[in-house]
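Following: one structure in structure tokens, then a few remarks.
What follows draws every value from the coordinates through simple rules; no lab data is involved. Remember, predicted model here, so these are calculated numbers, not experimental data. Cβ placement follows ideal geometry from the backbone for every residue including glycine, while neighbour counts extend to all protein chains displayed.
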2 protein chains.
Amino acid sequence: MSFLTHLEAVVNSVEGALACSVMGFDGIAVETHTKSSPEDIELQNTWVEYANVLSQMKSAAELLKTGEISEVSINTERLITLMRMVSPDYFLVLAMSPDGNYGKGRYVLRITAPKVKAEL
Amino acid sequence: MSFLTHLEAVVNSVEGALACSVMGFDGIAVETHTKSSPEDIELQNTWVEYANVLSQMKSAAELLKTGEISEVSINTERLITLMRMVSPDYFLVLAMSPDGNYGKGRYVLRITAPKVKAEL
């Protein structure tokens with residue numbers, strides 16, 4: 001099974017999901033499945049910005065003794081973004097509309113992360 | 001009603017809640033109610049770091065056209081942190097243990113933010 005199959009499964013099983021991607025912390029997407037993109041919002045640019053923020057938090061976590069980061073969500077007026085760590089170098093990111101199923105999105109990313117990790 | 005009453009109400013109504021604070025984006029806490037602090041983790045230091053990250057995301061949001069940030073969560077092995085915007089200058093932050101009631105935490109912050117805003 002390829003990454004893409006997992007990403008499609010995530011997007012198809014979560015109400016309000018727009019796109020899902022496996023990304024490196026350098027902001028480069030390994031693979032992306034896009035169902036639809038909200039008008040005016042460049043998801044890739046947004047994810048690059050968020051990957052940058054995630055990298056900083058990863059570095060801070062050691063100093064702060066909070067343990068490794070497992071999940072981050074950033075919700076704005078027009079976009080819900082869920083991120084789930086896959087490995088020290090990669091994470092899953094799911095973009096959803098603001099009325100999307102947040103709980104289902106978290107759940108599906110949590111069960112998908114080990115599947116993606118097994119193929120890295 | 002003071003900020004502190006609201007913060008106590010948040011901590012007391014969410015299972016697994018450790019502490020709640022009204023913070024400025026400069027990382028300075030206006031008021032904090034702490035029920036318990038996890039061993040080794042300095043919540044204040046963690047929040048200062050997160051406030052810094054939040055500031056960056058606020059700046060990025062305009063460029064990215066995602067609309068204003070409403071809510072951010074950062075979950076690590078030892079700590080769940082929920083943040084909810086109150087005004088352009090202040091936000092609520094709630095620290096929870098990893099087995100805390102995440103959904104309840106989000107809900108309680110959402111209904112508490114307008115109450116805190118009314119007193120700013």
* Could you give, in nm with one decimal, how far A:Ser36 is from each other copy of that position, shortest first, with labels 7 Å out from Cα toward Cβ? -> 4.7
* Asked: Straight-line reach from B:Lys58: which lysines have a Cα under 24 Å away, not including same-chain ones fewer than 8 places off?
  -> A:Lys58, B:Lys115, B:Lys117
* Please report how far the C-alpha centroid of the range B:20-91 lies from that of the range A:65-93, rounded to the nearest whole angstrom. => 15
* Structure fact -> For A:Gln56, inter-copy label-point distances (7 Å, Cα→Cβ), nm, shortest first, read 0.3
* Structure fact -> Dividing the mean separation of Cα pairs under 8 Å (6+ apart) by the residue count of chain A yields a relative contact order in percent of 30
* To do: Can you tell me what the convex hull of the Cα atoms of the protein assembly as shown projects to on average, as an area in nm²?
  => 11.8
* Viscosity 0.692 mPa s, temperature 37 °C, Stokes-Einstein D of the range A:47-115 from Kirkwood C-alpha radius, µm²/s -> 260
* **Low-density loop positions, GluC sites (Glu not before Pro), the range A:1-79 - DSSP coil, at most 16 other Cβ in 10 Å** => A:Glu15, A:Glu39, A:Glu42, A:Glu68, A:Glu77
* Quick one: divide the alpha-carbon radius of gyration of the range A:4-120 by 2.2 N^0.38 Å and tell me what you get. => 0.99
* Compactness of the range A:1-56, expressed as Rg and Dmax over alpha-carbon positions, Å -> 11.6, 33
* **Point-charge dipole on Cβ atoms (K/R +1, D/E -1) for the protein assembly as shown, about Cα centre, debye to 20** => 560
* Asked: When a footprinting reagent is the concern and you count Cβ atoms within 10 Å, what order do B:Phe25, B:Phe91, A:Phe3 take, fewest first?
  -> B:Phe25, A:Phe3, B:Phe91
* Asked: Taking the label point 7 Å from Cα in the Cβ direction, how far apart in nm is B:Ser70 from each other copy of itself, listed shortest first?
  -> 2.6
* Where nothing but the Cβ of Lys and Arg (+1) and of Asp and Glu (-1) is charged, how large is the charge dipole of chain A around its Cα centre, in debye to the nearest 20? -> 460
